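The values are calculated or read from the model by the stated rules, or taken from the named source; none is laboratory data. Just so you know, these numbers come straight off a predicted model, no measurement behind them. Glycine gets a Cβ as well: all are built from the backbone with ideal geometry, and neighbour counts include every protein chain shown.
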Amino acid sequence: MLKDLNSPKNLRWEAKQIKRAKRGDRRAFAALYDAFAEPLYARVLFPRLGEAAAAEDALAETFRVAFEQLDRFEFQGASLWFWLARVARNKATDIHRARQRGAHAVARYDDLWGPLRDEPELPSAQLERDEEGARLREAMNQALSQINPRYRRVIELRFLEDKPREACAAALEIKLGTLDVLMLRALRALRKAWDGRGGGEA
């Protein structure tokens, strides 16, 4: 279909479906989805994200925006594809940025949690390290207890139980792209709780 995007026949079909969809005809919107979902996934989203689950999430978000904002779309003789592709690129960028922020947040989390997992380098330091670890563990548990239970659970799965991302997503019944966003929010909440606790180690 993409090779005939701006053909008169295709543009007439699109204009008809858009008009019907704006009136609330879900079958017309479904027809637009069927026409553009696969090429958006294959040509725009997957090449940018490189992961099927993330591309699927971005595709769903693209059509959510399209459904919500279709009334604002003015058909001016160019295919709907170009508008949808722009929305899809923006969604892919959002997910990519969330991944980068998540990676940074994970690194900061490791700075907090690392001392609890390190082995003492010298036997003579065992008692001191055990006491320090106990204090840090108590502080970490206190911070975890202050955040949203869903945030706490994703941190427990990913870091304390050391499960891979795919297993975490399956346990929470969400997609990988959603997991990345949830993890970022969870780590931000944990960092805020950690920084705000009284008298603890920074």
Task: Long-range neighbours under 7 Å by Cβ, at least six apart or interchain, first residue farther than 23 Å from residue 26 by Cβ within segment 66-88, second surrounded by fewer than 19 Cβ atoms within 10 Å (Cβ to Cβ) - done: 77/11; 78/6
Open item on the list: If a residue must be modelled with pLDDT of 90 or more, in a loop (DSSP other than H, G, I, E, B) and either small (Gly, Ala, Ser) or not assigned by TED's automatic domain parsing to the domain that holds residue 88 (or both), how many such residues does segment 25-50 contain?
Closed with: 0
Task: Residue check, residue 40 buried (at least 19 other Cβ atoms within 10 Å of the Cβ), out of contact with any Pro (no Cβ under 8 Å at 6 or more places or on another chain), under 29 Å from residue 96 (Cβ atoms) and not basic (Lys, Arg) - done: yes
Open item on the list: Tell me yes or no: at least one residue of segment 144-157 is surrounded by 15 or more Cβ atoms within 10 Å (Cβ to Cβ), under 23 Å from residue 97 (Cβ atoms) and of a type in the set (D, E, K, R).
Closed with: no
Open item on the list: Considering only residues that are among the acidic types (Asp, Glu) and modelled with pLDDT of 85 or more, which ones fall in segment 140-177?
Closed with: 156, 166, 173
Task: Tally, over segment 52-89, of residues that are loosely packed, with under 14 Cβ neighbours inside 10 Å and part of a helix (DSSP H, G or I) - done: 7
Open item on the list: Name the residue that is surrounded by the most Cβ atoms within 10 Å (Cβ to Cβ), counting only residues in segment 164-191 that are assigned to a helix (DSSP H, G or I) and without any contact (Cβ under 8 Å) to a residue 12 or more places away in the chain.
Closed with: 170
Open item on the list: Would you confirm, using the coordinates I've provided, whether residue 180 is out of contact with any Gly (no Cβ under 7 Å at 6 or more places or on another chain) and either at positive phi or at pLDDT below 80 (or both)?
Closed with: no
